[in-house]
Protein chains: 2
Amino acid sequence: MSDNEDAPAPVPSPHGTQAWINLMRAQQRVLALIERDLKAAGLPGLGWYDVLWELSRAHGGRLRPFEIEERTLLAQYNLSRLIDRLEREGLVERQVFDDDGRGRWVLITEKGRALRSTMWDVYAKAIAKHVGARLPDAGAAQLADLLSRLL
Amino acid sequence: MSDNEDAPAPVPSPHGTQAWINLMRAQQRVLALIERDLKAAGLPGLGWYDVLWELSRAHGGRLRPFEIEERTLLAQYNLSRLIDRLEREGLVERQVFDDDGRGRWVLITEKGRALRSTMWDVYAKAIAKHVGARLPDAGAAQLADLLSRLL
DNA sequence: TACTAATACATGCAATTGCATCTAAATAGT
DNA sequence: ACTATTTAGATGCAATTGCATGTATTAGTA
């Protein structure tokens, strides 16, 4: 035996490798374009959007930090500081969580909801421009499906 | 008229949006897994790999910084400092570029080639495990093709 | 030639990230 | 109840990133 792994083939197929490279490049490229559009509109980046979005659609407009963490894939220490920044801007508030003295609620404010909505106007157009316009709708659906298998 | 953009539809289709979300998530997730494997093997991250790879396949094992920049999508100031770090580790060398006093060559060393090769052993297995094993080869090919349209 | 703009790369400084660790509070084991 | 573990979240510090700008050199233009 030439390898000590268990099931999966140890060498990636050329197609698998190409898929990975394109995944990296496409994401970097489109992300940069979308962030550029947001910045050009004087708006914060997608990190802020993601948190505000999860909060705004959560029941009661609030979540525990660890719940946001799960939904956004942000690292715990990054999220903790991101919440600091959001709080400083009045977009969210931290509240005590009575059932567990360690816990906090993070509650989105009206200002936070308004900003998320404004951001979506720009974000949605950016997605349409940088993704939708480059792929027929059926292709987008197929892409979404293939990518979902990596999740 | 309700919009000031030119050709593309201003609102993304649900499929386009889903494709974008999955693109972000899949890339984040797989990237994190691959970086974890590299770190577990005591190796540097993909940023180093990308530069070493471009250099090792370039004619004469050397490129100008701006050429690396184009090939890797690294920002100019980030690349400049990344080269500093690579140079400190003896993986590359900076040389003067005689035809243009502003320019530099970045030359990969034997040590740099060796490290890239070692990294590839781990990287290739990680791609196989985190991408190849989740997608049939035909699916990977299709994914690569769809993503290439975003590039 | 002298002057202005553009190109190639580097760097000071502030903001963000990653890592390790810390505190406080809840749970588990005895 | 008492100690050890685990969990939620925060934080000090070093490394990296982003932004703006700096330096040197070449190209363009009057």
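Semi-axes of the equivalent ellipsoid for the stretch A:1-131, please: Cα gyration tensor eigenvalues, times 5, square-rooted, ordered largest first, whole Å.
Working: eigenvalues 235, 113, 23 Å².
Semi-axes from the Cα gyration tensor: 34, 24, 11 Å.
What residue in chain A has the Cβ closest to the axis turning A into B, and how close is it in whole Å?
A:GLN27, 2
Considering only C-alpha atoms, what is the centroid distance from the stretch B:76-138 to the stretch B:17-42, in Å?
Computed from Cα coordinates, the inter-centre distance equals 19 Å.
Could you give, in nm with one decimal, how far A:GLY60 is from each other copy of that position, shortest first, with labels 7 Å out from Cα toward Cβ?
6.7
With θ taken as phi - 60° and the coefficients 6.51, -1.76 and 1.60, list the Karplus ³J(HN,Hα) couplings across the stretch B:14-22 in order, rounded to whole Hz; mark glycine and proline as x.
Values, residue by residue: x, 5, x, 5, 5, 4, 5, 4, 5 Hz.
Can you find, among A:VAL96, A:GLY47, A:LEU31, the residue farthest towards the positive end of the dipole of the stretch A:16-148? Put +1 on the C-beta of Lys and Arg, -1 on that of Asp and Glu.
In the stretch A:16-148, that residue is A:LEU31.
Using the beta-carbon distance between B:ASP100 and A:GLU35 and R0 = 22 Å, what value does 1/(1 + (r/R0)^6) give for FRET efficiency, to the nearest 0.05? Could the numbers behind the result be given before it?
Values: r = 33 Å, r/R0 = 1.48.
Approximately 0.10, to the nearest 0.05.
Pull up the cross-link candidates among the lysines for B:LYS39, meaning alpha carbon to alpha carbon under 30 Å and not fewer than 8 places away within one chain.
List returned: B:LYS111, B:LYS125, B:LYS129.
Grab the DSSP H runs of the protein assembly as shown that are 4 residues or longer, score each as -39,500 (n - 2.57), total them, divide by all residues and round the 222 nm result to the nearest 500 deg cm²/dmol. Walk me through the numbers on the way to the answer.
Details: 12 runs with 186 residues, N = 302.
Result for the protein assembly as shown: -20500 deg cm²/dmol, rounded to the nearest 500.
Considering only the label points, 7 Å along Cα→Cβ from Cα, what distances in nm to one decimal separate B:GLN28 from the same position in each other copy, shortest first?
For B:GLN28, the other copies' label points sit at 1.9 nm, shortest first.
Which distances, in nm and shortest first, link the B:TYR77 label point to the same label point in every other copy, taking 7 Å along Cα→Cβ?
In nanometres, ordered from closest: 2.3.
Please list, ordered by chain and number, the residues whose modelled amide H lies under 5 Å from the amide H of A:TRP105; skip anything fewer than 5 residues away on the same chain.
A:GLN95, A:VAL96, A:PHE97
How many nm is it between the label spots at B:GLN28 and A:GLU110, if each spot is 7 Å from the Cα in line with the beta carbon?
Calculated label separation equals 3.0 nm.
If I stretch the segment between B:ARG88 and B:HIS59 completely, what's the gain in nm (0.36 nm per residue apart, minus their alpha carbon distance), one decimal? Numbers along the way, then the final one.
Numbers: separation 29, 0.36 × 29 = 10.44 nm, distance 2.31 nm.
Once the chain is fully extended between B:ARG88 and B:HIS59, it gains 8.1 nm.
Under a crude label model (7 Å from the Cα following the beta-carbon direction), how far is A:ILE21 from B:ILE21 in nanometres?
3.1 nm
Of the candidates A:ARG113, A:ARG62, A:ARG25, which one comes out as most mobile in a Gaussian network treatment of chain A with C-alpha springs shorter than 10 Å?
A:ARG25
Is the shape of the protein assembly as shown best called rounded, prolate or oblate, per the rule: a/c under 1.5 gives rounded, else a/b larger than b/c gives prolate, else oblate, with a ≥ b ≥ c the square roots of the Cα gyration tensor eigenvalues?
It is prolate, given that a/c is not under 1.5 and a/b is the larger ratio.
Tell me, what ³J(HN,Hα) does each residue in the stretch B:69-74 have, in order and in whole Hz, if you take phi through Karplus 6.51 cos²θ - 1.76 cosθ + 1.60 with θ = phi - 60° and put x for Gly and Pro?
Running phi through 6.51 cos²θ - 1.76 cosθ + 1.60 with θ = phi - 60° gives 4, 4, 6, 10, 6, 6 Hz.
A short reminder: the numbers here are calculations on the coordinates, not readings from a lab. Here the structure is a predicted model, which means the values were calculated and not measured. FYI the Cβ positions are ideal-geometry reconstructions off the backbone, even for glycines, and counts take in every protein chain you see.
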